[in-house]
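Below: one structure, written as C-alpha cells.
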Amino acid sequence: MEANSKPGRFRWSRDDLEFTRIVAFSDGVFAIAITLLVLNLNLPNHLAEGKSVADAIWDENGNLFAYALSFAVIARLWLVHHRFCAEITHFDGNLMALNLVYLGFVVLVPFISDVLGNHSGDPGAVIVYAGVLAVVNFLGAAMFLYAARAGLTVESFVRYLEKPIRLRNVVGGIAFTLSIPVALVSTTAATLMWLALFFVPGRDSGD
C-alpha cells in the first residue's frame, strides 16, 4: 500500500493483497450475474394437454432471447473489465468506489433480462434494459478515464485514451441511450441497435 499525495489517501499496487481482492471480487460478481441469467428460464413440470416439450420451449422464446443477449452483454462487459484490470497498475479509493458502483449496475442485468424476456414488446421493458446498460457502459468509461488521468495505468494506455471516444464503453453507452427514444417507436429497431454493438471493431478495452 502506497501513500498518495493527499493525506489519508492510499493506493494499492499489483503486489498488494488488496489489489488481488478487488479483482477477485469483481470477477465473482460477474460470475454470479451471468449464472443468475439461467434462473429466468423455466418450463412447467406438467405440460398442457396437446403440448410438447418443443412447444413449451418455443413459448419461452422471449426469455431465451433475453438470456442469450444478456449472456453476451455480461461476457463482453467482463472481457472489457478484464482488459481494464490488465492495464491498470494501481487501485485507489476513488477507483475502488467507481468499480463498486459499476458492479452494482452489472448485477441488475439478470433482473432487467427477466423484465425484457417477459415483456419484450413493451417499450417500458426495452427502455429499462437500455437505461441500465447505458449507465453501466458510461460508468465503465468513467473508470478508464479516471484511472488514466490519476496515473493508475500503464503509459501506453494513457496514450491510447487521448481520444476518449475510442473507448468501446462510450460507444456502447451512446448506442444504448439513443435506443431509448427509438424504443418508443419500435422495440425491434432498438434491439437491433444493441445487437449491432457486437460488430463494432476494436480492442477489448476500447474503440
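The values are calculated or read from the model by the stated rules, or taken from the named source; none is laboratory data. On a predicted model such as this, the values are computed, not experimentally measured, just so you know. Ideal geometry is used to build each Cβ from the backbone, glycine not excepted, and the neighbour counts take in all protein chains shown. What goes into the accessible areas is simple: the full protein's heavy atoms, side chains included, and nothing from ligands, DNA or RNA. Shrake-Rupley method; radii C 1.70, N 1.55, O 1.52, S 1.80 Å.
Being of a type in the set (Ser, Thr, Tyr) and open to solvent by 10 Å² or more (accessible area, probe 1.4 Å) is the filter here, so list the residues in the stretch 101-133 that pass it.
Applying the first criterion (of a type in the set (Ser, Thr, Tyr)) to the stretch 101-133 yields 102, 113, 120, 129.
Correct list: 120 only.
I'd like the residue in the stretch 30-43 that is open to solvent by less than 60 Å² (accessible area, probe 1.4 Å) and not aliphatic (A, V, I, L, M) and, out of all such residues, is modelled with the lowest pLDDT. Outline the logic, then answer.
First, pick out the residues of the stretch 30-43 that are open to solvent by less than 60 Å² (accessible area, probe 1.4 Å): 30-31, 33-34, 37, 40-41.
Subset that is not aliphatic (A, V, I, L, M): 30, 40.
Details: 30: 97, 40: 83.
Looking at residues that are open to solvent by less than 60 Å² (accessible area, probe 1.4 Å) and not aliphatic (A, V, I, L, M), I get 40.
Taking residue 104 as the residue in question, decide whether it is farther than 15 Å from residue 194 by Cβ, of a type in the set (Gly, Ala, Ser) and outside any helix (DSSP H, G or I).
Numbers: farther than 15 Å from residue 194 by Cβ: yes; of a type in the set (Gly, Ala, Ser): yes; outside any helix (DSSP H, G or I): no.
The answer is no for residue 104.
Taking first residues from the stretch 141-153 that are in contact (Cβ under 8 Å) with a residue 12 or more places away in the chain and aromatic (Phe, Trp, Tyr) and partners that are open to solvent by 10 Å² or more (accessible area, probe 1.4 Å) and assigned to a helix (DSSP H, G or I), the Cβ contacts under 7 Å between residues at least 6 apart in sequence or on separate chains come to 146/94; 146/98.
When 121, 131, 117, 151 are screened for being over 17 Å from residue 78 (Cα atoms) and touching a strand residue (DSSP E or B) at 6+ places or on another chain (Cβ under 9 Å), only 151 passes.
Here is a check on your reading of the model: is residue 207 among the acidic types (Asp, Glu) and modelled with pLDDT of 90 or more? Step through it out loud before you land on a result.
Values: among the acidic types (Asp, Glu): yes; modelled with pLDDT of 90 or more: no.
So residue 207 does not fit the description; no.
The set of residues in the stretch 173-183 that are modelled with pLDDT of 95 or more and open to solvent by 20 Å² or more (accessible area, probe 1.4 Å) comprises 177, 178, 180, 181, 182.
Across the stretch 50-97, what is the total count of residues that are touching a strand residue (DSSP E or B) at 6+ places or on another chain (Cβ under 6 Å) and assigned to a helix (DSSP H, G or I)? Can you show your working first?
Our first condition is that a residue be touching a strand residue (DSSP E or B) at 6+ places or on another chain (Cβ under 6 Å); within the stretch 50-97, this holds for 87-88, 90-92.
Remaining after also requiring assigned to a helix (DSSP H, G or I): 87.
Counting residues in the stretch 50-97 that are touching a strand residue (DSSP E or B) at 6+ places or on another chain (Cβ under 6 Å) and assigned to a helix (DSSP H, G or I) gives 1.
Taken residue by residue, the stretch 34-44 has at least one member that is closer than 24 Å to residue 142 by Cα and part of a helix (DSSP H, G or I).
Which of the residues spanning the stretch 44-81 are loosely packed, with under 11 Cβ neighbours inside 10 Å and either in contact with a helix residue (DSSP H, G or I) (Cβ under 7 Å, 6 or more places away or on another chain) or modelled with pLDDT of 90 or more (or both)? Steps first, answer last, please.
Within the stretch 44-81, the first condition is being loosely packed, with under 11 Cβ neighbours inside 10 Å, and the residues that meet it are 44-46, 48-50, 52-54.
Of everything in the stretch 44-81, just one residue is loosely packed, with under 11 Cβ neighbours inside 10 Å and either in contact with a helix residue (DSSP H, G or I) (Cβ under 7 Å, 6 or more places away or on another chain) or modelled with pLDDT of 90 or more (or both), namely 44.
Here 196, 150 are screened, and the one residue that is among the small types (Gly, Ala, Ser), at pLDDT below 95, farther than 21 Å from residue 101 by Cβ and open to solvent by 20 Å² or more (accessible area, probe 1.4 Å) is 196.
For the stretch 77-124, enumerate the residues that are of a type in the set (Ser, Thr, Tyr) and without any contact (Cβ under 8 Å) to a residue 24 or more places away in the chain.
Those that are of a type in the set (Ser, Thr, Tyr) and without any contact (Cβ under 8 Å) to a residue 24 or more places away in the chain: none in the stretch 77-124.
Which ones in the stretch 5-19 are modelled with pLDDT of 75 or more and of a type in the set (Gly, Ala, Ser)?
Restricting attention to the stretch 5-19, the residues satisfying the condition of being modelled with pLDDT of 75 or more are 11-19.
Result: 13, single match.
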